[in-house]
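The values are calculated or read from the model by the stated rules, or taken from the named source; none is laboratory data. Bear in mind the structure is a predicted one, so any value in this text is a computation, not a measurement. Don't worry about glycine lacking a Cβ; one is built from the backbone with ideal geometry, like all the others, and counts go over all protein chains shown.
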Amino acid sequence: MNKLIALLSLFCFLQFQCFSQQIETDRPDQTESSSIVPFKSLQIETGYLFDQNDDGVNALESQTTPTTLLRLGVSKLFELRIVNDLYALNYGINPNKHQVAWQIGTKIKILNSEKYKTKIAFLSHLVFPKFEGVFNSNYGTINRILISREFGERINIGANIGYDYFEEKGNLTYTLALGLKLSEKFGFFIEPFGEYSNLEEFVNKFDCGFTFLPTEKIQLDVYAGTSLHKKSIEKPSNLFFGFGVSWLLHPLK
């Protein structure tokens with residue numbers, strides 16, 4: 001399946017060319033943008049993620065290489081989304097364990113107000129069971145309302161609120177991202193986010209990062225984050241960092 005992603009990406013790279021619109025991505029922050037990709041375009045967002053959960057006794061480390069999101073503009077009102085993550089896990093007596101995870105979904109435009117500089121969209125994903133030689137989990141869903149507003153030419157605030165369902169557990173989720181345009185090419189974001197896990201307790205986290213635009217169609221990023229609670233057996237601490245690249249492609253006319 002990972003070969004399929006590589007072949008699809010190569011095919012689209014050969015068949016597509018850039019056009020005038022500047023790229024707007026869903027990575028690297030946790031807040032999904034409220035914009036959809038342009039009609040008849042493809043956007044590829046991929047990267048590396050290191051994640052560690054530590055309860056004070058054991059530490060679970062995972063490296064996701066790659067973590068890839070394909071966004072296809074099939075309409076002026078919505079986009080098709082495919083997510084593929086390849087995990088390498090390291091935990092206790094099971095080092096270098098590998099898992100493959102897939103998601104498929106859509107993002108639907110609800111509002112795009114030029115007057116109020118506000119955008120609203122809805123995102124929904126179906127999460128397939130993780131594959132590890134056998135399928136070792138159940139189906140899940142991710143659902144979010146996405147809202148963003150521009151304040152002048154250099155400040156953007158985005159927020160997501162949603163409900164995820166995994167392994168017979170439901171989580172309310174939230175994100176709030178402040179994006180700053182430092183220059184024509186450099187950007188910075190800072191973001192609290194978290195969930196009301198299983199509708200029982202809050203798990204709050206924080207991250208920040210930088211973006212760089214070498215061209216209007218390519219974005220490079222780097223970011224890092226951590227949990228905000230004290231680690232314990234019941235609630236491990238979390239540390240993560242990553243980097244990636246995204247590019248926007250448009251079909252030949």
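Against the test of being buried (at least 18 other Cβ atoms within 10 Å of the Cβ), more than 25 Å from Leu72 (Cα to Cα) and small (Gly, Ala, Ser), the options Gly244, Gly225 yield a single qualifying residue, Gly225. Filter the range 55-109 down to the residues that are outside any strand (DSSP E or B) and among the small types (Gly, Ala, Ser), then identify the one that is modelled with the lowest pLDDT. If we take residues in the range 55-109 being outside any strand (DSSP E or B) and among the small types (Gly, Ala, Ser), then Gly92 is modelled with the lowest pLDDT. When residues in the range 170-191 are screened for being out of contact with any Cys (no Cβ under 9 Å at 6 or more places or on another chain) and either within 16 Å of Arg144 (Cα to Cα) or among the charged types (D, E, K, R) (or both), 11 of them pass.
Table: residues versus (1) surrounded by 14 or more Cβ atoms within 10 Å (Cβ to Cβ); (2) touching a Gly at 6+ places or on another chain (Cβ under 9 Å); (3) closer than 26 Å to Asp221 by Cα; (4) of a type outside the set (Val, Ile, Thr).
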{"residue": "Gly73", "(1), (2), (3), (4)": "yes, no, yes, yes"}
{"residue": "Glu79", "(1), (2), (3), (4)": "yes, yes, yes, yes"}
{"residue": "Leu111", "(1), (2), (3), (4)": "no, no, no, yes"}
{"residue": "Phe122", "(1), (2), (3), (4)": "yes, no, yes, yes"}
{"residue": "Leu126", "(1), (2), (3), (4)": "no, yes, no, yes"}
{"residue": "Pro129", "(1), (2), (3), (4)": "yes, yes, no, yes"}
